[in-house]
Amino acid sequence: MAASASRRAELADIGDFFVPVAELPERRILIGAGADNGAQHQPRGNSDAMLLGGLRRAAERGEVFTLIAHAIADTHEHNYIAPARNDWLLTQAAELGLRCLGFDDLPEAGSLITG
């Protein structure tokens, strides 16, 4: 996500990244925050602290927080997320009681409301 430093510092305050769980079945588009470590072998993107802030907001408010990432690799010529960061994000989400869903899970997202 191309954003100014001041906007990045407030990732959890950008409402477009968050959807109340009850509204998920009606949503056709989910805007995602970038979780990639970098691109072209250079660091870039949202920091761990910013992503953790987003996860905490989602847990506290009962929201869905969509993250996007690309190639899972320690480094890559294109956008990538390091395996360690991917594992860290999944662990943080689990510790906060957040469910992690992939594309294959989305047709059943309505079960989030009742389950």
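The values are calculated or read from the model by the stated rules, or taken from the named source; none is laboratory data. In this text, all values refer to a predicted model and were calculated from it rather than measured experimentally. Please note: Cβ atoms are built from the backbone with ideal geometry, for glycine as well, and neighbour counts cover all protein chains shown. The accessibility values were calculated without ligands, DNA or RNA, using every heavy atom of the protein model including side chains. Shrake-Rupley method; radii C 1.70, N 1.55, O 1.52, S 1.80 Å.
All of LEU101, LEU24, LEU30 fail the test of being in a helix (DSSP H, G or I), surrounded by 13 or more Cβ atoms within 10 Å (Cβ to Cβ) and modelled with pLDDT under 95, apart from LEU24. I'd like to know if the range 64-76 contains one or more residues that are open to solvent by 80 Å² or more (accessible area, probe 1.4 Å), farther than 25 Å from GLU10 by Cβ, touching a residue at least 12 places away in the same chain (Cβ under 8 Å) and touching a helix residue (DSSP H, G or I) at 6+ places or on another chain (Cβ under 7 Å). Within the range 64-76, one or more residues are open to solvent by 80 Å² or more (accessible area, probe 1.4 Å), farther than 25 Å from GLU10 by Cβ, touching a residue at least 12 places away in the same chain (Cβ under 8 Å) and touching a helix residue (DSSP H, G or I) at 6+ places or on another chain (Cβ under 7 Å).
Taken together, the criteria exclude ILE14 from residues that are touching a helix residue (DSSP H, G or I) at 6+ places or on another chain (Cβ under 6 Å) and free of Cβ contacts under 8 Å to residues at least 24 places away in the same chain.
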